[in-house]
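What follows is a set of notes on a single structure, which appears directly below.
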Amino acid sequence: NNEKSVPQLLIRDLKFEKSLAKLMFSPDQENHPSKAPVKYGELIVLGYNGSLPNGDRGRRKSRFALFKRPKANGVKPSTVHIACTPQAAKAISNKDQHSISYTLSRAQTVVVEYTHDSNTDMFQIGRSTESPIDFVVTDTVPGSQSNSDTQSVQSTISRFACRIICERNPPFTARIYAAGFDSSKNIFLGEKAAKWKTSDGQMDGLTTNGVLVMHPRNGFTEDSKPGVWREISVCGNVFSLRETRSAQQRGKMVENETNQLQDGSLIDLCGATLLWRTAEGLSRTPTLKHLEALRQEINAARPQCPVGFNTLAFPSMKRKDVVDEKQPWVYLNCGHVHGYHNWGNKEERDGKDRECPMCRSVGPYVPLWLGCEAGFYVDAGPPTHAFSPCGHVCSEKTTAYWSQIPLPHGTHTFHAACPFCAHQLAGEQGYIRLIFQGPLD
């Protein structure tokens, strides 16, 4: 009887694998497995360590991949109408016609018609869940573990915040523009929005809270240095920052810079910051497998708590929110790694500061967490350093890079933050080198 059942099982398995293959590949890919879709790049939201607190769902997730579309959906400017002409009214009301309306006064609106562009793909980002938005982004609350923390806050992210236009042919250049088209394929810049006529007679403008972009110098590598934050206009021109996010007066135009995204460009939507990684850049980035191997390597060295002599271990990548009993903890002032213990609690300091048993330095004492979002790493180095005060662990070059980046905060301040949880960095340099004690045997 057993001998009969083995071939039956094999046949069942083969059938299952075939049906699985059908689910995984579109019919087009099944016939040509080599024809994987072209990937332009990925957008990764800062402040999430690999996924949203309540899990990634549909268009709302912590990272979004931009693939070449089966059919081009890009648009480019064509005819300009001065309202109140019948043509302008027609362009606005036509649901199949993309257009941008610039309201100059109650009596005058300029409408720019956009036509189909067969050479580009358009991707839209914003807070709205309407269908024109490809990637839904909500406000990032530093260190929040659930989306319920974020809902009470009045959002400053625009419903149709920005659009990215990618060339369908190599080198697949990606460009960013402020504002996105709504369900009626319109962009409206109201009377209060900053807008102007350009030297060549075209219209341009800025959105209420603006779309800021920073391109790092030396790409996104271990030699990266922060660039300068700029504002991008509706037509993709580059400007110096306004005095505050929503000031009426635009900054100065920066002639020698473009809206072309590079590997490592940061896009700030006033409430959330996104990192752009090109497909080529991602191919040089450590994978989750690599990070998992580094985690296992650290655990295999059996680091010990110098007080309790118990072996410490970083919990698996999936358990990144629950403190484990073997979890390593660190004294943030000195970097000595321990297991959790109650020794050295300073009652008079709200219990927040603790005295390190190894060197007697007093400071915060926090659990260590591995940085699981591989896209934030500038190199594939071992996890030797931790951000302060959150305790997210990654490579030395990665902590050094992010600690130098001034990220927009609110309407006119900037500060460095941990890319994995968006907590503002503290201490002299914002990170610390970890000092592990090996096993004594």
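The values are calculated or read from the model by the stated rules, or taken from the named source; none is laboratory data. Predicted model only: the values in this text are computed from it and were never measured. Note: ideal-geometry Cβ built from the backbone for every residue, glycine included; neighbour counts use all protein chains shown. SASA here: full protein model, heavy atoms, side chains in, ligands and nucleic acids out. Shrake-Rupley method; radii C 1.70, N 1.55, O 1.52, S 1.80 Å.
Tabulated values for the structure
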read-out: Test for residue 4: is it modelled with pLDDT under 50 and open to solvent by 80 Å² or more (accessible area, probe 1.4 Å); value: yes
read-out: In the stretch 241-285, the residues that are over 21 Å from the mean Cα position of the chain (by Cα) and open to solvent by less than 30 Å² (accessible area, probe 1.4 Å); value: 242, 247, 251, 254
read-out: Output for the stretch 159-182, where each listed residue is of a type outside the set (Asp, Glu), within 14 Å of residue 132 (Cα to Cα) and assigned to a loop (DSSP other than H, G, I, E, B); value: 159, 160, 161, 179, 180, 181
read-out: All positions within the stretch 300-330 that are outside any loop (DSSP other than H, G, I, E, B), of a type outside the set (Val, Ile, Thr) and under 29 Å from the mean Cα position of the chain (by Cα); value: 329
read-out: Residue within the stretch 172-181 that is open to solvent by 40 Å² or more (accessible area, probe 1.4 Å) and free of Cβ contacts under 8 Å to residues at least 60 places away in the same chain present; value: no
read-out: The stretch 63-91, residues that are in a loop (DSSP other than H, G, I, E, B) and at pLDDT below 95; value: 83, 84, 85
read-out: Residue list for the stretch 221-235, restricted to those being open to solvent by 10 Å² or more (accessible area, probe 1.4 Å) and not charged (D, E, K, R); value: 221, 226, 227, 228, 229, 235
read-out: Looking only at the stretch 331-343, and only at residues there that are in a loop (DSSP other than H, G, I, E, B) and in contact with a Pro (Cβ under 9 Å, 6 or more places away or on another chain), the one that is nearest to residue 380 (Cα to Cα); value: 332
read-out: Which listed residue, of 380, 400, is without any contact (Cβ under 8 Å) to a residue 40 or more places away in the chain and open to solvent by 10 Å² or more (accessible area, probe 1.4 Å); value: 400
read-out: Breaking point among (1) of a type outside the set (Gly, Ala, Ser); (2) at negative phi; (3) in contact (Cβ under 8 Å) with a residue 40 or more places away in the chain; (4) not assigned by the TED database to the domain that holds residue 216, for residue 309; value: (2)
read-out: Count - residues of the stretch 414-441 that are among the aromatic types (Phe, Trp, Tyr), surrounded by fewer than 20 Cβ atoms within 10 Å (Cβ to Cβ) and under 21 Å from residue 303 (Cβ atoms); value: 1
read-out: Total residues in the stretch 92-115, condition in a loop (DSSP other than H, G, I, E, B) and of a type in the set (A, V, I, L, M); value: 2
read-out: Meets criteria (open to solvent by 20 Å² or more (accessible area, probe 1.4 Å), on the phi > 0 side of the Ramachandran plot and in contact (Cβ under 8 Å) with a residue 12 or more places away in the chain) for residue 210; value: no
read-out: Cβ-Cβ under 7 Å pairs, at least 6 apart or on other chains, the stretch 323-334 side open to solvent by 30 Å² or more (accessible area, probe 1.4 Å), far side among the aliphatic types (A, V, I, L, M) and part of a loop (DSSP other than H, G, I, E, B); value: 326/312; 326/313; 329/368
read-out: Selected residue [out of contact with any Gly (no Cβ under 7 Å at 6 or more places or on another chain), open to solvent by less than 20 Å² (accessible area, probe 1.4 Å), within 13 Å of residue 181 (Cα to Cα) and at pLDDT below 95] from 128, 101; value: 101
